[in-house]
Each structure stands twice: as structure tokens, then as C-alpha cells.
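> Encoded as C-alpha cells, here's the structure I'll be asking about.
Derivation of every value follows stated rules applied to the coordinates shown; laboratory data play no part. The model shown is predicted, which means the values in this text are computed figures rather than measured ones. Every residue, glycine among them, receives a Cβ derived from its backbone with ideal geometry; neighbour counts consider all protein chains shown.
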Amino acid sequence: MAIKLHILVGTMTGTAELVAQELELAFGDENLAIEITLMDGLDHRVFGRPGIFLICTSTYGQGEVPDNAKALYADLLSSRPDLSRVRYGVFALGDSTHVGTFCFGGKRFDEALGGLGATRLGAVFEHNASGGTLPEDVALEWFPEWIAEVHKLLDDDDDAPQNAALHPLKS
């Protein structure tokens, strides 16, 4: 059965969007339907869509989420929806020269989603802009292992009858 993956993009300069596009081009097929959505104008209702989510976001300013992600982030904090049916991953972009706020855009979303009951799939991946690698290249290397872990977790969920109907993970 195919997996629906929603990549929600928070970006200031387009780098996170480029990462999402590269993932879609390389891995989107009949078994993995990838939909990229910029966070502009979104609110918590986006997490009502069936499938899993990948938050792909840069960090801006003093460890803030990008401008196009601020409304979604603020809505999550203010409306406090029950996201216990949501499964997600995080690809965070940052620069380690900002020691105290490295990858905080992604970390902030991770904290908010986890605090609302959502389940993170895999560890938060942190790309370092000062590391001499392009985030889209690193994402292409990281993604196969992450999506394999997602498949395993989804298969485990299907094996547990009491959990299989609780969340719309596959479409």
C-alpha cells in the first residue's frame, strides 16, 4: 500500500523548498506519494490530512521559525489541537556558528508537535550550513534510511489490531 508523505516547508530563502523538491524528484513514485506544501497560510488543520508529515524548515534570526512558518507555529501553540494521530519527521536546517540556536526552527516544530501528542518518526535531522555540504545532497543520503524506518513502524502498527485503525497513515 502506498504511503502519502506531506512535506511542510518553512523557508526564507528557498533552501528548504529545494530540499523538499529534490526528495520528491528522487523518491516520489507509486509507493510513496509526496506532496510539498509551503507553510504560508497554514494552520493546525493541515495535520488532519491522511498520511505522514515531514517538517522541512530552516532557522531564521535568533532561532526562530521562518516568516512563512510563523502563523502555523503560533496556531499550534495557541489552539493546542490533539495531534495524537499524527506521525512526523523533521529535517532541520541551521548553521552551527549560531551555537545557542542551531536548527531551532526544526526543534521548535518538533517540541510543539510532540507536546500536542504527535509521534516523531526517527530522530530530528540537523543539517549544518557551515559543514561544507549542500542540504539537498545530505537529504538525499538521509531520506532512504528514514523512510525505511517509517515503513517498519507503519508495518508494526498494522500488526497491532488495536492501533491499526487509530490513524490514517496510509492512503
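> Quick one: dipole size for the chain, taken about the Cα centre, charges +1 on Lys/Arg Cβ and -1 on Asp/Glu Cβ, in debye to the nearest 20.
So the dipole magnitude of the chain works out to roughly 620 debye.
> Would you indicate which of (1) 40, 19, 11; (2) 25, 19, 14; (3) 33, 18, 12 is the value of semi-axes √(5λ) of the Cα gyration tensor in Å derived from the coordinates of this structure?
Checking each listed value against the structure points to (2).
> Using amide H atoms built in the peptide plane, which far-off residues or other-chain residues are under 5 Å from LEU121 H to H?
Sorted by chain and number, the residues that satisfy this are TYR88, GLY89.
> What residues qualify as long-range amide H neighbours of ILE3, i.e. H under 5 Å apart, gap of 5 or more or another chain, H built at 1.01 Å from N?
Amide H to amide H, under 5 Å and 5 or more residues apart or across chains, ILE3 pairs with LEU32, ALA33.
> Sticking with this one: Taking only Cα atoms and a 10 Å spring cutoff, compute GNM fluctuations for the chain and point out the largest among GLY89, GLY117, GLY61.
Taking springs between Cα atoms under 10 Å, the residue moving most is GLY61.
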